[in-house]
Amino acid sequence: MPETLHAASPGKPRVRFAPSPTGFLHVGSARTFIFNWLYARRNHGTMILRLDDTDVERNTDASVNSIFDGLKWLGLNWDEEYKQSERGDLHRKMAETIFQKGLAYRDFTPAHTSDSERSGAQGTWLFNLGMRELSRAESDRRAAAGEPFALRFRVPRDGGVVHFTDAVYGEQTKAAADIEDFALLRSDGMPTYHLASCADDADLRISHIIRGQDHLSNTYKHILIFEAAGFTPPQFAHLPLLVAPDGTKLSKRRHGPVVSVTTYRDAGFLPEAFINFLCLLGWSPKNDREQMTRQELIDAFSLEGINRANAVVNFKESAEPSNVVIPTPSEEGEKGRNLLSAPEDTFDPKALWLNAEHIRGLTIDDLTRRLLPIVQEKYPRVTSEKMLRITPLIRERIKLLRDVLTAADFFFVDQLPPYDPAELIPQKGDAAVAAKVLQRAKEVLANVEFKHDPLDQALRAAAQELGIKAGQMFQPIRVAVCGRKNAPPLFETLEVLGKESTLARIDRAMKKLS
Ligand code: GLU
């Protein structure tokens, strides 16, 4: 009897995120990483990143980079890192152990045989009796003769069940009679996902496997493998699926940019807000609070709080992905950000709300530091000193960092883009009133200190002189300097803009009017 080995070491948890690098970092994968990471950090455990990169045909370096870039942006770290492709010997050793115990057998059926051919008249294919019952001597003889074979797990056919307790989905039981004799090694000698994953999980002493619900049905096979190889299976916790508003599984092909982490980064989500949002997809903190810092998430996280129901990512399905191109991972690095690509309704309103809240929670310095690169990409001459004065004026007005370009555009340009002169006309006024306001404003502003209080006093006094309401006075000025009515508070805006620009813009507005 081999001694019973323990995949899980007692005490501190060891968890892993095991992406297959075949595409972008999907939001669902990012959430899987985060839940593992929160669990590790909460329990002073070890976070492992394992690249499941054995599918040489589908793996790309670009995809590996996209995964690393995404995690780097999110500021998520890990303690150990492995590449599955470098561990083939370990996988084959586990297959050999299982084979030597008689719990796996060689299947010499030609690799191209389809499942329907395999199943013949008996419906779903579960195993091929001829191969399963082949004598060991015959099997060895054919293998020695060089005949290719797959190695299959000999699923017990004695009427038993496979059982495990999932930390989220509870008791899970399946009749072994319903599980096919799945492959451990393919006929080309390559380990299958099931084998490689279990061999690595055992070798890395993974204590908790926290992964998407789409792997729940694989777990029966994994339990069989662990037990056959003499390991106690780890704890499993499967995470509810992320679905679109219509209930379909979130997929890149169907739903476009909403599934790619880079879309959120490029639109100007704060990493901390995006992490906060992802955590609420399928997990309910006990305190019912929604806006949480990273540390608060760590402190509050528990597997018990994970829900079974699919988590809906709310976005407008009509937000046609067609005009929004997700760059391929290789293009991505070269092209840099594509800030205005994804329309706002690409994003879940809760994600936008959380982002706005997190933005408001930043200091002016911190927010400025994050806005500046976005601004400078379009307006390279904007300095951080200038931005430090603009940030407080727009902090409450932006949901995404990229919104700075629309909320504060008039601060960055020398000349305002064209606007409708009718906007200059105040409520209950006409073009003559607008002209009068602008003329008077020009005179008054030429002689006033550009500070909040003097501006306030001077313009209110001017309104009184002209016999109009303060609001009627402010609107033409606001439109003259900002190019629109919806803009930050007027006096602060003028203060930042300065006398020269303000007067020049008023001049131009007067010309537009006439
Ligand atoms: N490479 C697998 C995937 O990306 C890992 C699944 C698992 O966590 O076992 O789906």
With the charge dipole of the stretch 66-116 built from beta-carbon charges (+1 for Lys and Arg, -1 for Asp and Glu) about the Cα centre, the Cα from Gln84, Ala95, Tyr105 projecting farthest to the positive end belongs to Tyr105
Net charge of Cβ neighbours under 9 Å - reference Arg478; Lys, Arg +1; Asp, Glu -1: +2
Put in order of increasing Cβ neighbours within 10 Å, starting from the fewest, Phe411, Phe269 give Phe411, Phe269
From the helices alone, meaning DSSP H stretches of at least four residues, give me the mean residue ellipticity at 222 nm for the chain, per-run term -39500 (n - 2.57), in deg cm²/dmol to the nearest 500. -13000 deg cm²/dmol
Within the stretch 273-311, which trypsin sites (Lys or Arg not before Pro) sit in a loop by DSSP and count at most 13 neighbouring Cβ atoms inside 10 Å? Lys286, Arg289, Arg308
Which lysines have a Cα less than 26 Å from the Cα of Lys485, not counting those fewer than 8 places away in the same chain? Lys378, Lys386, Lys399, Lys428, Lys436, Lys442, Lys451, Lys469, Lys499, Lys511, Lys512
Farthest positive-ward along the chain dipole, Cα basis, beta-carbon charges - from Leu400, Gly130, Thr173: Leu400
The FRET efficiency for Thr22 and Lys451, from their Cβ-Cβ distance with R0 = 56 Å and rounded to 0.05, is 0.45
One finds the C-alpha centres of the stretch 199-227 and the stretch 262-321 to be spaced, in Å, by 25
I need the shape label for the stretch 134-200. Rule: rounded when a/c is under 1.5, else prolate if a/b > b/c, else oblate, with a, b, c from the alpha carbon gyration tensor. oblate
Given Cβ point charges of +1 (Lys, Arg) and -1 (Asp, Glu) and nothing else, what value in debye, to the nearest 20, does the dipole of the chain about its Cα centre take? 1120
Given charges at Cβ of Lys, Arg, Asp, Glu: the chain dipole, positive-most of Val155, Ala18, Val243: Val243
Taking every other residue with Cβ under 11 Å from the Cβ of Leu224 and scoring Lys and Arg +1, Asp and Glu -1, one gets +1
Find how much the distance from His44 to Thr97 grows on full extension, using 0.36 nm per residue of separation minus their present alpha carbon separation; answer in nm with one decimal. 15.8 nm
For the stretch 153-260, how big is the tail of P(r) above 22 Å, as a whole percent of Cα pairs? 42
How would you rank Leu270, Leu184, going from fewest to most other Cβ atoms within 10 Å of each one's own Cβ? Leu270, Leu184
Is the stretch 432-514 rounded, prolate or oblate when judged by the Cα gyration tensor, a ≥ b ≥ c being the square roots of its eigenvalues, rounded requiring a/c under 1.5 and prolate requiring a/b larger than b/c? rounded
What is the helix-to-structure angle for 27-42, meaning the angle in degrees between its Cα long axis and the longest Cα principal axis of the chain, kept from 0 to 90 and rounded to the nearest 10? 80
Given unit charges at Cβ for Lys, Arg (+) and Asp, Glu (-), the dipole magnitude of the stretch 157-257 about its Cα centre in debye, nearest 20, is 440
With label points built 7 Å along Cα→Cβ from the Cα atoms of Glu80 and Asp178, find their separation and express it in nm. 3.5
Amide H of Tyr82 versus every other amide H placed in the peptide plane: which residues, excluding those fewer than 5 positions away on the same chain, fall under 5 Å? Leu49, Arg50, Leu51
Between Asp430 and Arg389, what is 0.36 nm times their sequence separation minus the Cα-Cα distance? Round to one decimal in nm. 11.3 nm
Partner lysines for Lys221 [C-alpha distance under 24 Å; skip if fewer than 8 residues away on the same chain]: Lys83, Lys93, Lys101, Lys174, Lys249
Mean-position separation - Cα centroids, the stretch 449-514 and the stretch 114-185, in angstrom: 80
1/(1 + (r/R0)^6) with r = Cβ-Cβ of Arg142 and Leu90, R0 = 30 Å, i.e. FRET efficiency to nearest 0.05, evaluates to 0.70
What length, rounded to one decimal in nm, is gained on full extension from Arg186 through to Phe68, with 0.36 nm per residue of separation minus their alpha-carbon distance? 39.5 nm
Would the stretch 348-388 count as rounded, prolate or oblate if I go by the C-alpha gyration tensor, calling it rounded below 1.5 in a/c and otherwise prolate when a/b exceeds b/c, oblate otherwise? oblate
Work out Dmax and Rg for the chain from the C-alpha atoms and quote the Rg first, both in angstrom. 31.5, 110
Pop out the ³J(HN,Hα) list for the stretch 431-441 in order, Karplus 6.51 cos²θ - 1.76 cosθ + 1.60 with θ = phi - 60°, rounded to Hz; leave Gly and Pro as x. 4, 5, 4, 4, 4, 5, 4, 5, 4, 5, 4
Could you please report the charge total around Lys511, scoring K, R as +1 and D, E as -1 over all other residues with beta-carbon less than 14 angstrom from its beta-carbon? +3
Amide H within-cut-off set for Leu184, under 5 Å, with H built and near neighbours excluded: Leu151, Arg152, Phe153
Calculated FRET value between Lys316 and Thr60, using beta carbons and R₀ = 30 Å, to 0.05: 0.45
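Any read-out appearing in this document is the output of simple, stated calculations on the displayed coordinates, not a laboratory observation. This is a predicted model, so every value here is computed, not measured. Note that we place each Cβ from the backbone using ideal geometry, even for glycine, and neighbour counts take in every protein chain shown.
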